[in-house]
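Accompanying notes for the structure given below.
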């Protein structure tokens with residue numbers, strides 16, 4: 001497993017589920033109908049471990065979100081992210097593992113899409129799932145200098 005112990009992976013899944021459920025509870029109380037999620041899995045994990053980690057995490061989060069009346073929406077990640085989910089192929093792998101019914105939403109992070117050159121491909125593939133758009137500058141940092149108009 002490339003240096004990752006099974007107990008560490010189980011702990012990380014447990015922690016992701018714990019924080020995910022708390023976040024879903026916040027979304028419900030705040031009357032937010034959509035909650036954005038990332039895959040919570042590293043790009044460096046081998047495919048079988050990546051599959052098991054994603055499956056274990058979302059096996060608990062999706063039904064919980066449904067019971068709370070909150071739709072989860074998977075967001076595309078940035079070029080600088082160490083996570084899995086930067087392009088259609090990676091997102092499709094995740095959706096195929098966790099969402100056989102094609103019910104989960106999609107959040108387009110426009111700046112991530114632009115940075116990875118995936119915006120139009122993501123929209124073409126996931127326009128029917130699109131339920132949220134996130135926009136920031138590419139690095140999620142504040143603009144630090146004034147512009148002249």
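Here are some notes:
- Hey, residue 79 exposed (fewer than 15 other Cβ atoms within 10 Å of the Cβ), touching a helix residue (DSSP H, G or I) at 6+ places or on another chain (Cβ under 7 Å) and closer than 30 Å to residue 7 by Cα or not: yes
- Qualifying residue in the range 128-138 (condition: farther than 24 Å from residue 45 by Cα, part of a loop (DSSP other than H, G, I, E, B), out of contact with any helix residue (DSSP H, G or I) (no Cβ under 6 Å at 6 or more places or on another chain) and at pLDDT 95 or above): yes
- Residue count for the range 102-120, restricted to those that are in a helix (DSSP H, G or I) and in contact with a strand residue (DSSP E or B) (Cβ under 7 Å, 6 or more places away or on another chain): 1
- Some residue of the range 47-60 being at pLDDT below 95 and out of contact with any helix residue (DSSP H, G or I) (no Cβ under 9 Å at 6 or more places or on another chain): yes
- Flag: residue 66 matches the condition of being assigned to a helix (DSSP H, G or I), surrounded by 13 or more Cβ atoms within 10 Å (Cβ to Cβ) and without any contact (Cβ under 8 Å) to a residue 12 or more places away in the chain.
The values are calculated or read from the model by the stated rules, or taken from the named source; none is laboratory data. If you're wondering where the values come from, they're calculated on a predicted model, not measured in any experiment. For neighbour counting, all protein chains shown are included, and Cβ atoms are generated from backbone atoms with ideal geometry for every residue, glycine included.
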